[in-house]
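Worksheet for the structure shown next.
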Amino acid sequence: MPTEPRKLAKTKPPTGLIYIEDHEGDNGEVTPGIASRLGITPSTYRKWRMAGKGPHAFRLGKNVVARIEAVDSWVKARELEAVPAAA
């Protein structure tokens, strides 16, 4: 079964922020969004966000954005929770 092409954000996010969806730059390079960084679909992230889960994101105009550092920190915290502390 063929996969649908992934949805890309139409505008470039402000510096240091990312959208839920991936963004294609002027040079054709795709910058991963929140969902791609977490390895989930954008719809799954939206469900998480409504349930108060996942990295902190906020509305900026019509878009939902997160600081790149917030997403990376959230992933790092999950990693540290999964790895037992060295005795």
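Throughout, read-outs are computed from the coordinates displayed, never taken from laboratory work. Predicted, not measured: the structure shown is a model, and the values here were computed from it. Don't worry about glycine lacking a Cβ; one is built from the backbone with ideal geometry, like all the others, and counts go over all protein chains shown.
Observations on the structure shown:
- Option label - Cα extents along the principal axes in Å computed here, alternatives [x] 50, 33, 17; [y] 49, 36, 29; [z] 73, 43, 15: [y]
- Using alpha-carbon coordinates, inclination of helix 68-82 to the longest axis of the chain, degrees: 30
- In the chain, a dipole from Cβ-located charges (positive for Lys and Arg, negative for Asp and Glu) runs towards its positive end, and of ILE40, ASN63, VAL30 it is ASN63 whose Cα lies farthest in that direction.
- Sequence-separation-based contact order of the chain, relative, with Cα cut under 8 Å and 6+ spacing, percent: 23
- Highest to lowest packing among 28-34, 46-52, scored as the average C-beta count within 10 Å: 28-34, 46-52
- Cα extents of the range 20-69 along the three principal axes, largest first (Å): 36, 25, 20
- Given LYS10/LYS62; LYS53/LYS76; LYS12/LYS47, the pairs whose alpha carbons are separated by over 21 Å: LYS12/LYS47
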